[in-house]
Every structure is written in structure tokens, then in C-alpha cells.
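The values are calculated or read from the model by the stated rules, or taken from the named source; none is laboratory data. Values in this document were obtained by computation on a predicted structure and should not be read as measured data. Cβ: placed from backbone, ideal geometry, glycine included. Neighbour counts: every protein chain shown.
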């Protein structure tokens, strides 16, 4: 399945990358307009996974690290630093976990099993079961990512995708 970068096709080139979509990893409930998407090659995707700032110029993915300062993300994409409980659960439920289960089911079972293993387990359980929103840079997200082998790029994808989910 294709991988895409989202950008504002009306922005001057190079237009900064606003989001990344890996349709092998996530079954997105909706996608941005095709005019704002560039289908990536496997090589382009691998380059973006190494980090840095990326943009689109002339229907080509380009590094923006050596060029001028990258403009701030529009307000609609800044919302990806925080997503609702529903948005997080919907994305995690569409991702593969272990033993044929979704990532949501894998995490849920581990957290429920660990809730009686001390203060840390109890805190994780309380956050997982009662939080109305999840913050991208929270210590709990970092701990859970480390525990389940989820990379920073995957966390960014979860939050960017989550921001597009509507109930």
C-alpha cells in the first residue's frame, strides 16, 4: 500500500510536510484531499524516517534542513500534540499489535494486567482508563512507547492520524 506526505499545495515551494501517512501500518478512516498528498517511494519514506525537516517542491520530497527556517505548522496540525481518548483508541485499534490483536488490545491487556504492580502500574492504568486526552510529550506516552517498542516516528503518526479522526 502507498505511503504519503501531506502538504499544503497552495503554499510556496518548498511546502513543509504537515503529516505522514503509512497505509500499510494504519487503516485511515479518511485522508486529506489528493491535491495535498504526494505518494512516496520506499526510499523517500526511509529518508523521512531518519528525521529532519521535509517539504514538497515540484512534486518531489525535499530536505528542508539545509535551507531556510521551516515555517510553523498551521493551527490545524498543531492540534496533533494532543488528541482525545476516542481518537487515540480509534487509531490504536486499527494498528497491528501482538498475537493477531490490535495495538489497542495489546496495550489494554498489558495495562490492565499491570495495574496492581505498584504505584507506576496503577498510575498508568488510571491514565489509560480515565484520561480524556493524551499529550504527545507526556511521560506516560514515552513510557508506553518504550514498553511496546513504538518509535517516535510512529507516535507522531498516531497523533497526526488521531487528529484527523472524527466521532
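Every residue, every condition in (1) surrounded by 12 or more Cβ atoms within 10 Å (Cβ to Cβ); (2) under 15 Å from the mean Cα position of the chain (by Cα), yes or no:
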site	(1), (2)
113	no, no
117	no, no
123	yes, no
127	yes, no
135	yes, yes
138	yes, yes
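In the set 24, 65, only one residue is at pLDDT below 85, under 14 Å from the mean Cα position of the chain (by Cα), within 17 Å of residue 153 (Cβ to Cβ) and surrounded by fewer than 18 Cβ atoms within 10 Å (Cβ to Cβ); that residue is 24. When residues in the range 114-135 are screened for being touching a strand residue (DSSP E or B) at 6+ places or on another chain (Cβ under 9 Å) and outside any loop (DSSP other than H, G, I, E, B), 4 of them pass. Filtering the range 59-68 for residues that are in contact with a strand residue (DSSP E or B) (Cβ under 8 Å, 6 or more places away or on another chain), assigned to a loop (DSSP other than H, G, I, E, B) and under 30 Å from residue 100 (Cα atoms) leaves an empty set.
Do we find a residue being at pLDDT 85 or above and buried (at least 18 other Cβ atoms within 10 Å of the Cβ) anywhere in the range 143-153? No: zero hits.
Restricting attention to the range 100-113, does a residue exist that is at pLDDT 85 or above and assigned to a loop (DSSP other than H, G, I, E, B)? Among the residues of the range 100-113, at least one is at pLDDT 85 or above and assigned to a loop (DSSP other than H, G, I, E, B), which makes the answer yes.
Within the range 29-42, the presence of at least one residue that is within 18 Å of the chain's Cα centre (by Cα), modelled with pLDDT of 90 or more and closer than 22 Å to residue 90 by Cβ is confirmed.
Taken over the range 2-21, residues that are surrounded by 19 or more Cβ atoms within 10 Å (Cβ to Cβ) and over 17 Å from the mean Cα position of the chain (by Cα) amount to 2.
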